Amino acid sequence: MKHSIVVMIATITLGLLGSWLCLADETKIVWENSDAARLVQSRCITCHSLDYIQMNAGVIKGANWEAEVNKMRKAYGAPINDEEAKQIVAYLSQKFGGE
Amino acid sequence: MSIPTYSKQRRHVLSSLSSIPVAIAASDVLAGTPYLPPGTVASARLETLPGKRPMIKRSYRPPNYETPLAALGTEITPADQFFVRWHLSVIPEIHPKDYQLNLSSDHNDRSLKFSLADLQRQFEPVEITAVCQCSGARRGLSDPHVAGVEWGYGAVSNARWKGVRLRDVLRHFGIDASTIEVAFWGEDRGPLDVTPRFVKSLPTYKAMDDQTILAFEMNGKPIPHWNGAPVRLIVPGWTATYWMKQISHIQCLQSPSKSFWMTSAYRLTKDKFPGDDRFITQANDKTVAVTEMVVNSLITNIADGQSVHVNQPLMIQGVAWDGGSGIDSVEVSVDDGKTWQPAAVAKAESRYSFHCYSATVTPQTLGLHALRVRALSNGGQKQPEALVFNPAGYHNNVWHRVEVTVV
């Protein structure tokens with residue numbers, strides 16, 4: 001991991017005024033700074049913190065991340081297009097699909 | 001089933017009689033559940049939500065926090081340590097004065113609204129003590145591991161609930177004979193409008209059960225925000241997926257709910273667990289909806305990795321519960337389940353409650369020992385030695401195992 005940055009969630013979610021959002025200490029999650037990592041951040045954190053991914057590291061193996069990304073798109077309506085989905089699946093499979 | 005290796009990071013020597021609760025450090029609370037996936041262990045934190053004491057964070061948003069094992073040793077779980085589980089991350093803070101419950105039907109024009117004060121004024125108050133347990137409790141201990149919120153032992157809690165009978169409210173509304181299910185909406189939502197709302201349904205017989213209540217108090221105080229204030233559904237004996245938080249809309253259905261959360265999530269393979277007949281309008285050829293909790297138990301006063309003294313009495317304490325028949329007996333083992341001895345089981349506040357047990361054993365040989373516990377329900381259900389594997393990781397009630405070193 002060349003660089004790591006602190007993921008800033010607040011700017012994305014503060015538009016949802018009047019709601020009690022559980023930001024807690026989510027901003028402490030450290031994440032890689034690369035094009036693919038930023039794409040994952042920008043698409044996934046709309047709905048959930050990145051620890052959902054970390055928690056399942058190695059549980060969802062390799063290319064099985066595709067099924068998970070598809071579930072997010074189809075069941076939950078995540079705004080991810082086909083090309084982005086490919087990049088996200090490739091990144092998650094490589095970084096979080098290990099044994 | 002193989003048991004993965006687990007590196008022992010700490011050793012405690014208990015004071016001569018370990019019936020005194022042992023203070024456990026933050027690192028121990030997090031490390032106290034062996035066999036979790038490495039990524040789960042690495043991302044767990046001891047964190048404090050507003051109004052709560054420190055709990056084990058599995059995910060920040062939606063908030064999923066489990067109760068530390070040591071906090072589950074009493075019949076009633078303190079409200080500020082009651083586990084927290086949400087599917088959707090936008091969780092409004094609803095003032096009791098603003099709360100509104102809407103009732104409707106999918107087969108007639110009837111509708112009715114209640115404020116919280118209406119509910120409290122118009123219906124008889126009732127109280128019940130009942131265990132609330134996530135269907136996926138202990139998912140993180142599934143072997144092989146399965147995807148999802150990787151819960152350890154703490155996605156379960158017990159509380160005294162006060163509210164009004166759902167049955168009374170439904171009768172007042174005018175529930176009719178063609179209602180086969182009753183559906184419930186919570187106020188939590190996804191940040192995107194396209195994300196399906198969290199909607200669950202109950203078969204009419206369960207909705208009309210006199211133990212199923214709309215609760216506004218937990219342990220004598222208003223329900224905490226994180227546990228579903230101002231009003232949540234209490235479905236004693238059934239897993240927490242039906243215990244709708246921030247319940248805002250109830251609808252009488254004449255055809256089965258098609259909610260994603262009924263038809264796709266919370267499904268079990270048929271013929272694997274008891275209770276397949278509990279919700280027949282949501283069953284299909286291959287799967288059924290998860291419903292009743294299976295019998296289960298925990299050792300709560302001894303953490304995995306502790307050291308204990310040879311030839312000295314060791315008190316093993318914890319709780320046992322089931323889907324509502326009550327607990328017949330509890331047994332403990334100091335030799336990894338080869339031999340068992342009976343525990344004393346205290347009288348519980350209700351058959352849906354935690355049943356506290358205790359047993360005194362005297363380890364007589366040095367070295368590693370695995371303590372185990374198992375319960376038998378009044379309904380004749382036993383806990384299995386080996387996991388009944390299912391791809392969503394539900395109903396894990398394998399004998400709890402705690403490794404100690406006898407020194």
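Coordinate-derived values only; no laboratory data. The structure displayed is predicted, hence computed values, not measured ones. Every residue, glycine as well, gets a Cβ built from its backbone with ideal geometry; the counts of neighbours run over all protein chains shown.
Key figures
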| read-out | value |
| --- | --- |
| Two-decimal ratio, chain B, of alpha-carbon radius of gyration to 2.2 N^0.38 Å | 0.99 |
| Charge dipole (the stretch B:296-406, unit charges on Cβ, about Cα centre) - positive-most of B:His355, B:Tyr394, B:Val334 | B:His355 |
| Cα convex hull of the stretch A:35-96, projected area averaged across orientations, nm² | 3.6 |
| Given charges at beta-carbon only (K, R positive; D, E negative), |dipole| of the protein assembly as shown in Debye | 340 |
| Convex hull volume per residue in cubic angstrom - Cα atoms of the stretch B:226-309 | 171 |
| Principal axes of the protein assembly as shown: Cα extent on each, largest first, Å | 72, 60, 44 |
| The stretch B:296-406: C-alpha gyration tensor shape, a/c 1.5 cut-off, then a/b vs b/c | oblate |
| Neighbour-limited loop hits for trypsin sites (Lys or Arg not before Pro), the stretch B:98-143 (at most 15 other Cβ within 10 Å; DSSP other than H, G, I, E, B) | B:Arg110 |
| Under 21 Å from B:Lys52, Cα to Cα: lysines that are on another chain or at least 8 residues apart | A:Lys28, B:Lys162, B:Lys221, B:Lys245 |
| Percent RCO, i.e. relative contact order, over chain B, from Cα pairs under 8 Å lying at least 6 residues apart | 18 |
| For the stretch A:35-96, size of Cβ-based charge dipole, Lys and Arg +1, Asp and Glu -1, in debye | 100 |
| B:Asn311/A:Ala67 FRET efficiency (R0 41 Å; Cβ-Cβ; nearest 0.05) | 0.15 |
| Projected-area mean, the stretch B:27-186, by convex hull of Cα positions, square nanometres | 11.9 |
| Rounded FRET efficiency, nearest 0.05, which uses the C-beta distance separating B:Thr263 from B:Phe389 and R0 of 25 Å | 0.65 |
| GNM result for chain B, Cα springs below 10 Å: residue of B:Val146, B:Val290, B:Val84 fluctuating most strongly | B:Val146 |
| Cα gyration tensor shape for the stretch B:175-241, rounded if a/c is under 1.5, else prolate or oblate | oblate |
| Rounded to the nearest 20 debye, dipole of the stretch B:157-249 from Cβ charges on Lys, Arg, Asp, Glu | 260 |
| Selected from B:Ser43, B:Ser248, B:Ser377 as most flexible by GNM, with chain B as the system and alpha-carbon contacts under 10 Å | B:Ser43 |
| Summed side-chain charge close to B:Val373 - residues other than B:Val373 whose Cβ falls under 11 Å, Lys, Arg +1, Asp, Glu -1 | +2 |
| Within-13-Å neighbourhood charge of B:Met262 [Cβ basis; K, R +1; D, E -1] | +3 |
| For B:Thr48, net neighbour charge (Lys/Arg +1, Asp/Glu -1) across residues whose Cβ lies under 15 Å away | +1 |
| Selection from B:Ala289, B:Leu268, B:Ile316, by position along the positive dipole direction of chain B (Cβ) | B:Ile316 |
| Nearby lysines by direct alpha-carbon distance to B:Lys272 (threshold 27 angstrom, same-chain neighbours under 8 apart not counted) | A:Lys61, A:Lys71, B:Lys200, B:Lys206, B:Lys258, B:Lys286, B:Lys338, B:Lys382 |
| Relative contact order [Cα under 8 Å, 6+ residues apart], the stretch B:69-166, whole percent | 32 |
| Loop sites in the stretch B:35-118: GluC sites (Glu not before Pro), DSSP, at most 10 other Cβ within 10 Å | none |
| Stokes-Einstein diffusion coefficient of the stretch B:213-252, Kirkwood radius over Cα pairs, 10 °C, 1.306 mPa s, in µm²/s | 154 |
